[in-house]
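A short write-up of the structure that comes next.
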Amino acid sequence: MRKKSILIITQTVDDNDSNLSFFCDWLREFSNNLDKVYVIANKVGEYDLPQNVIVLSLGKERGTGKIGKIIKLWAYLLKYLPKVDGIFAHMCPEYVVAGGWLARVYGKKLGLWYLHKSLTWKLLLSEKLVNYIFTAHQDGLLIKSSKVIVTGHGIDLSLFNKKYNKINNNKFNILTVGRITESKNLLFLIKSAIFLQNKFDKKVNFTIVGEPYLPKDKEYLIKIKKYISKQGVENMFEFVGKIQHKEIADYYGRSDVLVNASKTGGVDKAVLESIISGIPAITSNEAFKNILPEAALFELGNYEDFVDKIKNIHSIPLNEVKNKIILENDLKNTIKQIINKLII
């Protein structure tokens, strides 16, 4: 009996994208479970995917405009919808609005993955067009609908669930991962690390993995570097910039703790990846209040609380938390849930 096929619509297919390269892992897992995976991407870069994954671009990397991309989307849908058994859109309600009606015409089930606190008209309209809305956790989106299905974050455990050889020395290595933008409160984390150094008997090293995307993000990074320079603590901090998703595990492995102060309201995947890697994480993000114990949660703006949580990270029941996160966020389970709803 043949395996079935799916059409996936997504923002980016690029192993080198600092934000969305993980989606290539998703496509590989879809390919393990299906005969054919057709992918329509807004932008396409470099990738190394199995032969049964067919990648099609809407042309953003070539400068194609909005109207041109919509016309190309319709052309792809008309060509490939008759060949597939279901449709899955990842974080792109705008394309559900533009082409979801064609899924209805062809009688195909349509699912949207969405994980964000914004409640836009595109998301509201998408909810009417899709059969299901998949999200990572219960508080992953504001829309209330019987169509919402919680699947976990879909993390490739093979990248992170392994043993690391820690270097024992007199240094304490802090890591933060994610886009450099004001909503991530990086400046507070920088100030907290300096505050910690003044109260700590080890040398504190702080590694920042990530890059700014928008012009205002770049201005925020300049502001941060000026602050560090003014304090005369440049040797404490390393700005790595963007890296491939598969490389991030090594940064977790050489760190003593991951810190996160995002105020986006969503569960930051870097926190989960760090814990799966066996590295404790502390965060001020309220989205984690039902996921992490009190020992891993600090109050945003409270430097004393930050230092207290750092000094007591060994009180976090790491193995217990890790096992729970693995159980709820395994990529294999996430993809199977999506396939079972849209195809089987």
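FYI, it's all coordinate maths here, none of it is from the lab. Source: prediction; values computed, not measured. Ideal geometry is used to build each Cβ from the backbone, glycine not excepted, and the neighbour counts take in all protein chains shown.
Brief remarks on what is shown
- Top of LEU297, LEU214, LEU196 by mean-square fluctuation, Gaussian network on the chain, Cα under 10 Å: LEU214
- Between GLN231 and GLU320, the modelled label-to-label distance comes to 3.3 nm, taking each label 7 Å out from Cα in the direction of the beta carbon.
- Rounded to whole numbers, the Karplus 3J(HN,Hα) couplings from phi for region 270-281 are 4, 5, 5, 4, 4, 5, 4, 6, x, 10, x, 9 Hz, using 6.51 cos²θ - 1.76 cosθ + 1.60 with θ = phi - 60°, and x at Gly and Pro.
- Helical content of the chain, expressed as a calculated mean residue ellipticity at 222 nm, amounts to -11000 deg cm²/dmol (DSSP H runs of 4 or more residues, -39,500 (n - 2.57) each, divided by residue number, nearest 500).
- Rg(Cα) / (2.2 N^0.38 Å) computed for region 194-293, rounded to two decimals: 1.15
- Relative contact order for the chain: 17 percent, from Cα pairs under 8 Å spaced at least 6 residues apart, divided by residue count.
- For VAL148, VAL53, order by how many other beta-carbon atoms lie within 10 Å, fewest first: VAL148, VAL53
- The Rg/Rh ratio of region 1-152, with both radii computed over alpha carbons and Rh defined as the Kirkwood radius, is 0.94.
- Taking a straight line from the alpha carbon of LYS341, these lysines sit under 21 Å away, with near neighbours fewer than eight places off in the same chain left out: LYS3, LYS4, LYS36, LYS83, LYS108, LYS109, LYS128, LYS144, LYS147, LYS332.
- Efficiency of FRET from Cβ geometry, GLN138 and ASN52, R₀ 25 Å, rounded to 0.05: 0.15
- For region 232-344, convex hull volume per residue from C-alpha positions, Å³: 145 Å³
- Note on the chain: with a GNM built from Cα contacts shorter than 10 Å, the maximum mean-square fluctuation among GLU127, GLU94, GLU61 falls on GLU61.
- Extension reserve of the GLN244-ASN16 stretch, reckoned as 0.36 nm per residue once the Cα distance is removed: 81.6 nm
- Candidate values [x] 142; [y] 169; [z] 133, label of the one derived for volume of the Cα convex hull per residue in Å³: [x]
- Difference of contour (0.36 nm per residue) and Cα-Cα distance, LEU119 to LYS199: 24.5 nm
- Taking N as the residue count of region 159-327, its C-alpha radius of gyration divided by 2.2 N^0.38 Å amounts to 0.97.
- Net charge of Cβ neighbours under 14 Å - reference LYS216; Lys, Arg +1; Asp, Glu -1: 0
- Neighbour cut-off at most 12 other Cβ (10 Å), DSSP loop, GluC sites (Glu not before Pro), region 275-326: GLU299
- Proxy reagent accessibility, fewest Cβ within 10 Å first, across ASP201, ASP156, ASP35, ASP305: ASP201, ASP35, ASP305, ASP156
- Legend: ranking of residues THR120, THR334, THR207 from fewest to most surrounding C-beta atoms inside 10 Å; resulting order THR120, THR207, THR334.
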